[in-house]
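Inspection log for the structure reproduced underneath, given as structure tokens.
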Amino acid sequence: MSNGDDADEEPADEPVVSEAEALNDRLDGAAEELEAAETEADLDAVEAELDDVEEELDVADLPEPDEDEEDAEDPREELESRISDLREDLEERRGPYAEDVTDVLADARATLTEAEWTETGADEAVAAVDAFLAEADEYVSFGTSAGDSPAEAASAVEQVESAVASTDLDPDEDADAIAGLLEISEALADDLDAAETWEDLTVQEQLQAEGFYDALESESLKDFPPEWSALKRYGREGEVEPILYALEKLGDSDFFEEYVYDELVHMGKDAQAAFDEIHQRAQKRDKAPIRILGKMGDDRAAETLHEFIEGDGDPALQKVTLRALGELGSEESVQPVAQRLVAEDDEVRSMAARALGLLGDTRAIEPLADVLEDDDSDAVRASAAWALRQIGTERALDVASEYADDRAYLVQAEAEKAASV
């Protein structure tokens, strides 16, 4: 029997659910829905629920973790982590889609058209596409063949790609077809990756495949390295293309690169077919290609080389460039070269004088005469006398011969040669 006081008591309060607990409960529900999802629509519903939970979390008033406690719980961070994990699971459950197939096929097309196939690799690539087409015919209609080359095979893959895109495959109703197409498309990609390209071969194998060693007798292949013997042979026969191919493939070796450059120097004008490649390398102010340009005698390089002798920069570079300009023989080089007769470095002034002699232009006579009269270096003055003798006109020889009794033997010797002409 209860007393009257009991009748006045209030019912017990319901347990208070925190915002964090409420959001966790919703995420538990979303996880269950994700596990049970069978269609894209089901997955869309789960994604919408996650979006709603995330929006509520952004404005939720959740307790902050205790900064003084290293392992303090952070409800917000835990919820954000759960949402992220569920989204990852959601994405893994989606698809595959027709777009996944077309993306793989687009990459396969790019491989077919952009790869540098060997002859063997090209056959392997076409065979891979042929096998793919035979299986793809089970899922879509396209009516094409792999053809006889990677380019034709790429066109065939593009037709399948278009057919997949236009068939309007539904990720629910056509899930098996999409999965099958994706499987054979990925198998095609793997087969193309396995097909042989030039990058798969060693440098020596690439040279062998290109017939680089064909210039050698079989016993010469035993030489070490046989590439040297082949280069000499091509150099003697004036065949530039295989030499440039070797430079491309073996140029990472500084020693071999130097050997190729020496061969091109020895070829001289016979190496002019290599002008574009060597001119491009010379623009990096590499001395060896500059020297080769001089020996080629192609004055298209003059304008580039003029830039290398401006100011008082690297004397070694200036000397090589001045010599090359002299050998090129461009009349446009007379003025730029003559300006180096007043360079700070004695050797640069000397080479400038000799370059003017090689150019042989009479406009250089008076500047060279000034050098003979005024330069402090006897070696530079001797070079000026030599240059006047190379120009060889009556005026040039008269100027040089005036120094037959010069104090410096080097100058005197050149003057006597000029007087005896």
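The values are calculated or read from the model by the stated rules, or taken from the named source; none is laboratory data. What you see is a predicted model, and the numbers here were worked out from it, not measured in a lab. Here the Cβ positions follow ideal geometry from the backbone for every residue, glycine too, while neighbour counts run over all protein chains shown. Calculation scope for accessible area: heavy atoms of the full protein, side chains included, ligands and nucleic acids excluded. Shrake-Rupley method; radii C 1.70, N 1.55, O 1.52, S 1.80 Å.
In this entry, ILE184 passes the filter for residues that are more than 20 Å from GLU92 (Cβ to Cβ) and aliphatic (A, V, I, L, M). For the stretch 366-387, the condition holds for at least one residue, the condition being that it is under 21 Å from GLY297 (Cβ atoms) and open to solvent by 10 Å² or more (accessible area, probe 1.4 Å).
In the stretch 22-130, counting only helices (runs of 4 or more DSSP H) that sit wholly within it, the ones holding 3 or more residues that are more than 26 Å from GLY180 (Cβ to Cβ) span 40-59, 75-93.
Just one of (1) surrounded by fewer than 20 Cβ atoms within 10 Å (Cβ to Cβ); (2) modelled with pLDDT of 90 or more; (3) of a type outside the set (D, E, K, R); (4) farther than 27 Å from LYS249 by Cα fails for LEU182. It is (1).
Restricting the search to the stretch 307-329, which residues are part of a helix (DSSP H, G or I) and within 29 Å of the chain's Cα centre (by Cα)? If you could, list the steps in order and put the result at the bottom.
First, pick out the residues of the stretch 307-329 that are part of a helix (DSSP H, G or I): 307, 315-328.
Hits for the stretch 307-329 are GLU307, LEU317, THR321.
When THR111 is tested against (1) crowded, with 19+ Cβ neighbours inside 10 Å; (2) without any contact (Cβ under 8 Å) to a residue 24 or more places away in the chain; (3) of a type in the set (Val, Ile, Thr), just one condition goes unmet, and that condition is (2).
ASP374: at pLDDT below 95, farther than 16 Å from ILE309 by Cα and not β-branched (Val, Ile, Thr), yes or no? Before the answer, list the steps.
Working: at pLDDT below 95: yes; farther than 16 Å from ILE309 by Cα: yes; not β-branched (Val, Ile, Thr): yes.
Answer is yes for this residue.
Scanning the stretch 344-367 for residues that are hydrophobic (A, V, I, L, M, F, W, C) and within 47 Å of the chain's Cα centre (by Cα) yields VAL348, MET351, ALA352, ALA353, ALA355, LEU356, LEU358, LEU359, ALA364. Considering only residues in the stretch 265-287 that are within 19 Å of LEU317 (Cα to Cα) and touching a residue at least 12 places away in the same chain (Cβ under 8 Å), the one that is surrounded by the fewest Cβ atoms within 10 Å (Cβ to Cβ) turns out to be GLN283.
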